[in-house]
Amino acid sequence: MTPFMLRVAEIVGTPEDQLPDRDQVAPMPETRISRRIATGTGADRQVAIRSLAEQLVSEANAILGPADDRLDLVDETLPHELAFRVTHRDRAARVSTTFEDGTAYGRLVGDGFDSEQPRELEGPDALPDLIVRLLVESGVTHHHVP
């Protein structure tokens with residue numbers, strides 16, 4: 001198992017009333033204030049984050065039991081934007097990059113990720129925390145993990 005799978009297995013395999021504080025188990029993902037960057041850099045960054053999201057969603061779903069709600073990864077096709085959503089039960093996080101006037105602009109939107117200023121993930125390393133936070137916030141089912 002990968003370190004991420006072990007992390008998900010520990011959360012799923014621990015009864016909810018025995019889990020440490022939510023922010024300790026599922027810290028908020030590192031974000032930064034969204035800023036305009038070169039189009040190519042923005043596209044590369046979005047593709048890297050999207051690719052890792054697919055891997056992590058697959059790994060987490062492998063840990064969840066057969067009767068559990070699955071994480072879903074949904075791509076959105078828009079004219080000037082690359083975007084995807086990761087969902088679990090009634091919670092979702094949307095990661096996007098918008099392309100306009102020769103620049104790219106990243107954005108993270110979702111349940112529990114509200115901010116006065118637009119924010120984006122710090123980078124791909126923030127994605128595991130985002131997915132774990134989504135699982136914990138949506139009330140992942142706790143059960144024995146073989």
- Task: Tally the residues that are part of a helix (DSSP H, G or I), open to solvent by less than 60 Å² (accessible area, probe 1.4 Å) and more than 29 Å from Gly106 (Cα to Cα), restricting the search to the range 1-14.
- Result: 4
- Query: Out of all the residues in the range 92-146, which are touching a residue at least 60 places away in the same chain (Cβ under 8 Å), assigned to a strand (DSSP E or B) and open to solvent by 40 Å² or more (accessible area, probe 1.4 Å)?
  - Reply: Phe99, Tyr105, Arg107, Arg119
- Query: Is it fair to say Arg107 is touching a Pro at 6+ places or on another chain (Cβ under 8 Å) and over 25 Å from Gly13 (Cβ atoms)?
  - Reply: yes
- Task: Please find, within the range 68-91, the residue that is farthest from Val140 (Cα to Cα) out of those that are assigned to a loop (DSSP other than H, G, I, E, B) and open to solvent by less than 60 Å² (accessible area, probe 1.4 Å).
- Result: Leu71
- Out of the range 15-62, which residues are outside any loop (DSSP other than H, G, I, E, B), surrounded by 14 or more Cβ atoms within 10 Å (Cβ to Cβ), more than 13 Å from the chain's Cα centre (by Cα) and of a type in the set (A, V, I, L, M, F, W, C)? Val25, Ile37, Ala43
- Task: Scan the range 95-104 and give yes if some residue there is among the β-branched types (Val, Ile, Thr) and in contact with a Gly (Cβ under 6 Å, 6 or more places away or on another chain), otherwise no.
- Result: yes
- Task: Show the residue pairs that are 6+ apart or on different chains and have beta-carbon atoms under 7 Å apart, the first residue being within the range 15-28 and closer than 14 Å to Leu134 by Cα, the second being part of a loop (DSSP other than H, G, I, E, B) and open to solvent by less than 80 Å² (accessible area, probe 1.4 Å).
- Result: Val25/Leu19
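The values are calculated or read from the model by the stated rules, or taken from the named source; none is laboratory data. Not measured: the values here are computed from a predicted model. Note: ideal-geometry Cβ built from the backbone for every residue, glycine included; neighbour counts use all protein chains shown. To get the accessible areas, we keep the full protein, side chains included, count just its heavy atoms, and leave off ligands, DNA and RNA. Shrake-Rupley method; radii C 1.70, N 1.55, O 1.52, S 1.80 Å.
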